[in-house]
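Below is one structure, written out as C-alpha cells, with a few remarks after it.
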Amino acid sequence: MLSRRASEDSHGQNSSYFLGWQDYEKNPYHLIRNPTGIIQMGLAENQLSFDLLKSWLQRNPDIVAMKQDGVSVFKELALFQDYHGLPALKIELVEFMSKIRGNGVNFVPENLVLTAGATLANEIMMFCLADPGDAFILPTPYYPGFDRDLKWRTGVEIVPMHCSSSNGFRITSSALKQAYKKAQKLNLKVKGVLVTNPSNPLGITMTRTELNHLIDFAIEKNIHIISDEIYSGTVFDPPKFVSVMEVVNERTNSVNNIRNRIHIIYSLSKDLGVPGFRVGMIYSNNEMVVDAATKMSSFGLVSSQTQHLVANVLKDKKFTFNYIEETQRRLKRRMEMLVCGLRNAGIQCLKSNAGLFCWVDMRHLLSSATFEAEKKLWMMILCHVGLNISPGSSCHCSEPGWFRVCFANMSEATLKVAMRRMKAFIDSTVSVVNENGCTYEQSVNAERESIAKWVN
C-alpha cells in the first residue's frame, strides 16, 4: 500500500557505514556506565571546541534571549520568514567563507542559498542540474552518505571514478576520462562531477593540478562541477585550502561559460562544530540555479532563531577567527594522537592535513586481498575490539583494506582507550600467528574468547 520509494530498499541504510552506527547505538561506550562498549569512530563530528562556543554564549546572553541592542526581537523571529533567509546572516556567511579561503574568492550574498544542512544542499543541486537517470561522476573513495543524499529521492546515478593508493588517491585526467567512458557504456548522461575538498574520507586538500584537471574536463564535456567544501576551515597543515572557484577565477582563458557551471556546497557543521543547527548553503554564479535552489529550499529552511544566533556569532570577527585557528590547532594535535597510537600498533595512515578523520591502511591485516576479508576484519574490530570504524568498501574504495577512522568526536581519554584496544588486538593476533604459525583468519577465531578479557 506504500509508494515504491517508501517500500524499496534504496536508501542505502544497509551499508556497513550505517550498520556500524546501529551496533554502536545498541552498546555505546561510557567510561563508567559501559566501559566495554563500542567506541564511536565512524562519526565525523567536531567536538573539540565546544568550550569556546559555550564561553561566547555565556558572554552574550542577550543573543540567546533573542534580544538585539537590549530589545526583544522574539516576535520578528517567531513570525513567518521567507525562504531567502535573513540578510544579516547571508552577509556574515559570505565574509566568513572568504576569510577561510584566505580572501582568494570574493563571495556576494545574492548568490547564496540557505538550506537545512549540506545534505539538503547536495540533494537540491541534483534536482537543479540533473533529471532522473542522469549521472554525476564522483572520485573514490567518497563519503558513504552520498549514495543516499544524491540518489535516493532524485533518481540520479553515481558513476565512481576510481582513484589509486599508488598516487595517494589523487584525481587524474585519465581517471576522469575512464569514468566518463564507463558512463557512456551504461547509456548514462553525465551532468557533472562532484568532489569533496578537503576530501572526506581522505582528509587531504586538493591540489591546483587536480582542480585544473576538473576544470579542463568540465569545459571539454560541457558539464558542471559541484565542490563540497564543508571541511574548508579544518585545514591544520600545509598545503593550504584552495577552492575550485579561486582557481577558475585565475584562469583568463576559461571558455564555455564555465564559471556559471561551478557550484559550492558549504555548511557550519564541521568548521564551527554545530551540525544540529542545520546551517547549510549553496553558492553559485548561475542565476537560474540560485533562483531554482532558493525555491526548493522552502522544503528545508533554517529556523529564524538559528539564523539570528549564528549571524551574531559570525559578526564577532575576533571570536570566530580565533575559534577557527584554535580548532585547527586542536585538530592537528588530535590527529597526531591517532596517527601515533596506530603507528604503535603497526598501522600506517595516509598523510592528511585536514578533516576530522584519517584514512587508515590495514591491508596487511587482511587474510586475503578481498573485500570479503575486509568485511571480516571490520566485523572483528566492531564486535570484538569495540571500535566502530568505516570500511573502505562503504566509501566505494577500489582497494580492500582501507578504513576511515574519526578522531574529533570524543575526548582524549576515550581516544587513548581506543588506541589501547587496537594495539592489544594487533599484539594478540601477531602473538598467535608467531606461536602457532596459523593464518590471520585462524588467529581471529582462536582469539575470540580472549579478546573479551583484554577489552575489560
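The values are calculated or read from the model by the stated rules, or taken from the named source; none is laboratory data. Note that the coordinates shown come from a computational prediction; the quantities given were computed from them, not determined experimentally. Ideal geometry is used to build each Cβ from the backbone, glycine not excepted, and the neighbour counts take in all protein chains shown. Calculation scope for accessible area: heavy atoms of the full protein, side chains included, ligands and nucleic acids excluded. Shrake-Rupley method; radii C 1.70, N 1.55, O 1.52, S 1.80 Å.
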(message) Looking only at segment 137-173, count every residue that is part of a loop (DSSP other than H, G, I, E, B) and under 20 Å from residue 207 (Cα atoms) and tell me the total.
(response) 10
(message) I need a count of the residues in segment 121-136 that are surrounded by fewer than 21 Cβ atoms within 10 Å (Cβ to Cβ) and in a helix (DSSP H, G or I).
(response) 1
(request) Taking the options 350, 314, name whichever one is touching a residue at least 24 places away in the same chain (Cβ under 8 Å), touching a Phe, Trp or Tyr at 6+ places or on another chain (Cβ under 6 Å) and under 30 Å from residue 425 (Cα atoms). (result) 350
(request) Filter segment 390-409 down to residues that are in contact with a strand residue (DSSP E or B) (Cβ under 7 Å, 6 or more places away or on another chain) and open to solvent by 10 Å² or more (accessible area, probe 1.4 Å), then give me how many there are. (result) 4
(request) Name the one entry in 234, 207 that is closer than 28 Å to residue 396 by Cβ and either without any contact (Cβ under 8 Å) to a residue 60 or more places away in the chain or not assigned by the TED database to the domain that holds residue 105 (or both). (result) 207
(request) Read through the list (1) surrounded by fewer than 16 Cβ atoms within 10 Å (Cβ to Cβ); (2) touching a Ser or Thr at 6+ places or on another chain (Cβ under 6 Å), then give the number of the only condition that residue 17 fails. (result) (1)
(request) Select, from 108, 94, 113, 64, the only residue that is at pLDDT 90 or above and open to solvent by 30 Å² or more (accessible area, probe 1.4 Å). (result) 108
(message) Quick check on my filter: what residues within segment 356-378 are closer than 22 Å to residue 417 by Cβ and touching a helix residue (DSSP H, G or I) at 6+ places or on another chain (Cβ under 7 Å)?
(response) 356, 358, 360, 362, 365, 377, 378
(request) Evaluate segment 223-236: report whether one residue or more is farther than 24 Å from residue 168 by Cα and surrounded by fewer than 24 Cβ atoms within 10 Å (Cβ to Cβ). (result) yes
(request) Hey, can you tell me all the residues within segment 218-239 that are closer than 20 Å to residue 101 by Cβ and not hydrophobic (A, V, I, L, M, F, W, C)? (result) 227, 228, 229, 231, 232, 233, 234, 237, 238, 239
(request) Among the candidates 195, 113, single out the residue that is part of a strand (DSSP E or B), more than 18 Å from the chain's Cα centre (by Cα) and under 22 Å from residue 94 (Cβ atoms). (result) 113
